[in-house]
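Notes to accompany the following structure.
Quick note: the coordinates plus some simple rules give every number you see, no bench work behind them. Everything numeric in this text was worked out from a predicted model, so none of it was measured. Virtual Cβ from ideal backbone geometry, glycine too; neighbours counted across all protein chains shown.
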Amino acid sequence: MALGGSIWSILGLEPTNDEREVRRAYARRLKEVHPEDDAEGFQALREAYERALEMARRGWAVPPARKPRKKKAETVIDVPASDDRWADDDADRWTEPEADSGEGWNDAGTDRWDVAPPPSAPEPKLSPEIAAELEAEKARQAAHAALCDQLEGLLHQTTAPSGDALGIMLRIFRSPAMDSLRVHANTEYWLAHAIARGGPAADSLIESAVKFFGWDSGRVGVDMSHAQPVLQRRETALIIERLARPMTVGHDAWKALRTKQTLFRRIADRLDPFLSRQVTDLLARAAHDLPDLYSHLDPDAVATWRARLAHPRFSALFLLSLLIVPPILALIAVSTGAFGPTALLNILAAWVVALAAMTGIGAAWVNGVLKPAREWADRYPWDAPLWKRLGWAPAAAALLTVAPFFPNMDWLWPGILLAGLGLVAWARIVTAHIPPPPISRYRISEFIGVVPILFYVLSLPASASQPTLIAAMVSATLVFRFGGHAIVQEWLYQSPDRQRLTSLVLIVGAVVVGGLAVLTARTGAPGLAVGLVCGFAFMDRALATDRFGPAFQFRRVWLTTGWFGALFVSGFGEAMAKTAPAAFAVWLVIAGVITGAADFLPEPGRKKRKPGALA
Amino acid sequence: MIIGIDLGTTNSAVGVFRNGKAELIPNSLGHVLTPSAVSVDETSGEVMVGLAARERQSTHPRHTATAFKRYMGANRATPLGKRDFTAEELSALVLGRLKADAEAYLGEPVTEAVITVPAYFNDKQRKATRRAGELAGLRVERLLNEPTAAALAYGIHELGNESRFLVFDLGGGTFDVSVLEIFEGVIEVRASTGDNRLGGEDFNDVLIEEFRRTAGKDISEKDRADPTLRERIRVAAERARRALTEGSSATMSIVWKDQAIERQISTEEFEILCTGLLNRLRDPVLRSLRDAGIRSEDLSEIILVGGSTRMPVVRKAITRMFGRFPANAVNPDEAVALGAAVQAGLKSRDVALKEVVMTDVCPYSLGVEVAERGPGGRIIDGIFSPIIERNTVIPASRTQNYAPMRDHQRELILRIYQGESRHVVDNVHLGEIKVPLAGGRAEDGATDVRFTYDINGLLEVDVTVMKTGETRQLIIVDDDVAAAPDFEKRRAALAALKQHPRDSDAVKTVLARGHRCYEDALGETRQFLGDQITRFELVVEGQDPREIEHAIGQLTTVLDQFEGQTWL
């Protein structure tokens, strides 16, 4: 393979941008390296020639002269007269740049429609029949040109077409002027251009034109770059047709991007939980594959959606839950009597508090997790200074360390909540160069295990430690589910071989946490026990996120059974309430071990395939 | 000396490069063109080649074969008399005759030749041509593309200028288009395409169809299948076609069962009938211009090669295509043979050709069949993956790496195809190689496949499994072609055929022509011709060479008067 420097040595030439020189050198060398005698040498020469020609054509062979720098008297460079091949380039660098000789795209004579015909012999005296033939040919070409102009006029209309564009195009195809190669080639290029960029009239022309010129014939090695825009437009037309049908995926996004963005529309769209995903997909497709799609979308709508998607805000689901959850929480809280008598005012107050708390959590999530993650998804996060990367983690860690020593301090439970969030934020920020999965990916069913525990906790006699319990549970959930998920994803991402290691961790962790939970339950700190158990359950889920197949399904069933079983058991009195977490911890250990061990066992349920057999 | 041979569908010629120029070698009749026809005498089993055989085509259609170039490389045998001949053997007989003519002219034995093939001949057809040469006792080290040969004949006089031109070669059975460029004494083929099934014979078919449709309505069904009748109609069509070249109307007339059936046809009618064929002329031209990246207005010359380009309808279509009149730069019938002679001179390193180099391209893409993974993980079979793209300058060598689709595959089957379509069913299958794999993962079976086109456009394939180092080589051989020992037998059998001696060529030819004219004539003319022939045969029996020569001249004059003109 000829490398950069040796191309020129094979040709026996100094690097030059002059194509004629390159050809001359090739012709010279070709007489020495005869293709009949030396096939290999000829192949090397031919390759060198083709590459040199390509480089010369693009002007890469000799680097362009740079603008002269201000020459100070003492920095005059003396270019030594050496036989260094690049000496000429050094000299060039310090000279005035040559005036643009105008070579290139606008070179007079290479403009497709302005070319002068090659100089021919002086016109001989034409016999009358030849003259008549020439006149007839001129007339044919004039007719052809008239038809083309007519079609162009139709294609320029941006509203519904007024004429029969297809009929005119077919007449163009059949016109006798098309016998001439020049006319045929020019018509083909012009038509490809016109159809690709034309107005609505062009849609009816696409199929016939593609068939006539064979633009989708699938022949290898043919340069059909002029036909690409037309084929793209055809594909766009098909896709639009599909999107317009109500039952297809993406139809909602299609409609949303084509309607005027009134206030009502905006609110309605905000509340649709699945719409933003569809819109993202559709916009991505339009950006990368089908730019023609943009002409069918309402620009206002596109701009609005783009702005919305670019800035993470409360998701639709969250907004909906803001409507539903605070009143429920308020009712529950007030009904426990911890906040005073069950009066409307109290309910309302609790409602406001709950709403504020939820909004606060949501805002913290968006600003502390989503926004930085999105920012840092573009940059390589390890570039950020450590203090930025850690975010709220130091404060959170401090609180978390201190908190267990003050189980009865009421003001600490917000701190613990905060701590949980902080750790989550830390996890996300640290692993930010993996794009965060959109919220809609977390299925509700994953959190269903929270419900029995919640009820269990709420059913305990109201005490000062109840809020602690709740807080511990929530933060453990968040920390281990999201934070653990993120950390594990990052770790696994770097090498898929680590799957087995995580399984091992799972087994060990299951044993350790289970043991801890059992111990704390026995010693009467049920809050910690519950928190640990809860947290670990969710971490276990996080660790197993990437494992598909029957083992995962099996474990989910197992866990859910465990939840409800523990709840059921705990209903049988105080002692049972204490042992329930312990029992569940044991349950969890078994689940964790099985799942972890599944990685070390052959996958069940899949037949071994014979080599070469079809899937 | 190396000779250059143009083995055409209708006519063949042989030339040599001497004294700084190319010249054509005349045959025993003094003509430079020898018809590609072989005929077998039904009584003596003697084989006749050339004009004599051509004349016998209408009188003895079952014992004569013409236009067998169309069947080169195919597994088809024509029965002539007692035995079957393949197209290769028929071509070998013609080549043998040309070899004898050359030896007689040059006065020395000739062992090596350059033979021309249509640029669009595929690998099988080229190998068949080479084998035909070898059967005739000629070493064929170089096959030359016909349009390139014509370009050589033209370009040898234009070496000083820089120009781009197009060679439009419409022969008896094939159509080739080549776009060439000359600079600094280098003749470079930029692109080459064509149509293997389009030629002068197809224009004949148009007339034959028209004749059958209108004037031949009276002929009964049974008679229609008669090969003699078919042959007569064909000859009449050919003559009419040539007449249309000169005049504005022609008559197709045949004699059948003592009935004269005629059909008048004018140039305009003919043009309308040929519309489909003329449209087929345009596609290869468009394709080769596009491949070469040259616009039609950049061409400085259009070179017409092949007898069929003399037809006014074809010339008109060409003029309309290019927007200019094609030049009469070369003799359409002789250009290819002259070019072959120039190439023979180049090969033998003739001093006069020191400053000339020519490079050619392969007109077909060459590759293997692969399977791909489509969207959604579906596996799509039968996709053509080109390794050498068409219009690559030859000799060329390219390598591609392929891997098995799945793990644990035991072998890799590489099927080799030549063509342009994305699906292999539409391409020509050349052969296949089976490479054993070691099993294991898919990546371990990665194999390098190297295709080499040599300067004759013949293919070599080298396959190497990267991991195990196992190699396989394929020299493409047809399944139906004989292996080496069989080859010798065939050669011997061919040489053993009785061929009538060269000296009696003229007699045989004029006799055959006489018989043909006799069958074409009616009534009084027929009787008159019969008398003349009988008288001639008497003179021949007398065996006096001078009298025979005189008698040949006389009979020829009579037949010329009857036919209008000698034509081939």
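In segment B:172-217, one over the average inverse separation of all distinct C-alpha pairs is 13.2 Å, which is the Kirkwood hydrodynamic radius. Taken residue by residue and averaged, Cβ atoms of other chains lying within 10 Å of the Cβ of B:390-397 number 4. For peptide B:357-367, the mean count of partner chain Cβ atoms within 10 Å of a residue's Cβ comes to 2. Sort segment B:100-197 into rounded, prolate or oblate with this rule: let a ≥ b ≥ c be the square roots of the eigenvalues of the Cα gyration tensor; rounded if a/c is under 1.5, and if a/c is not under 1.5, prolate when a/b is larger than b/c, oblate otherwise. Since a/c reaches 1.5 but b/c is at least a/b, the shape of segment B:100-197 is classed as oblate.
Each label point was placed 7 Å from the Cα along the Cα-to-Cβ direction; for A:ASN186 and B:GLU488 their separation is 6.6 nm. With 21 Å as the limit on Cα-Cα distance, the pairs of B:LYS99/B:LYS498; B:LYS69/B:LYS489; B:LYS127/B:LYS498; A:LYS211/B:LYS124; B:LYS69/B:LYS316 that go past it are B:LYS69/B:LYS489; B:LYS127/B:LYS498; A:LYS211/B:LYS124; B:LYS69/B:LYS316.
Here B:LYS467, B:LYS99 are placed in order of increasing Cβ neighbour count within 10 Å, fewest first, which gives B:LYS467, B:LYS99. Calculate, for A:PHE173 and B:GLN400, the FRET efficiency according to 1/(1 + (r/R0)^6) with r their C-beta to C-beta distance and R0 56 Å; round to the nearest 0.05. Efficiency, from the Cβ-Cβ distance: 0.90. Only helices enter this figure: runs of n ≥ 4 DSSP H residues, each worth -39500 (n - 2.57), summed and divided by the residues of chain B, yield -11500 deg cm²/dmol at 222 nm to the nearest 500. Taking every alpha-carbon pair within segment A:253-329, the share separated by more than 14 Å comes to 63 percent. With a cut-off of 15 Å on the backbone N, the residues of segment A:300-317 near the modelled label site 7 Å out from A:ARG266 along Cα-Cβ are A:300-311, A:313-314.
Its Cα gyration tensor gives segment B:264-311 an equivalent ellipsoid, and the semi-axes of that ellipsoid, as √(5λ) in whole Å with the largest first, are 27, 13, 9. If you bin all the Cα-Cα distances of segment A:204-274 at 10 Å, starting from zero, the percentages per bin are 16, 32, 22, 18, 11, 1. Between B:LEU522 and A:GLU19, the modelled label-to-label distance comes to 6.5 nm, taking each label 7 Å out from Cα in the direction of the beta carbon.
Ordering of B:509-515, B:254-260 by packing is B:509-515, B:254-260, highest average first (other Cβ atoms within 10 Å, averaged per residue). Evaluated at q = 0.10, 0.13, 0.18, 0.23 Å⁻¹, the base-10 log of the normalised Debye intensity for segment B:192-316, with identical point scatterers placed on the Cα atoms, takes the values -0.39, -0.61, -0.97, -1.36.
With θ taken as phi - 60° and the Karplus curve 6.51 cos²θ - 1.76 cosθ + 1.60 applied, the whole-hertz 3J(HN,Hα) list for segment A:199-206 is x, x, 4, 6, 4, 6, 8, 4 Hz, x standing for glycine and proline. Over the Cα atoms of chain B, the radius of gyration divided by the Kirkwood radius equals 1.00; this is the Rg/Rh ratio. Taking the Cα centre of chain B as origin and assigning +1 to Lys and Arg Cβ atoms and -1 to Asp and Glu Cβ atoms, the resulting dipole is close to 880 debye. Modelled spin-label separation between B:PHE325 and B:VAL351, with each label point placed 7 Å from Cα along the Cα-to-Cβ direction: 4.2 nm. Taken residue by residue and averaged, Cβ atoms of other chains lying within 10 Å of the Cβ of A:177-186 number 6.
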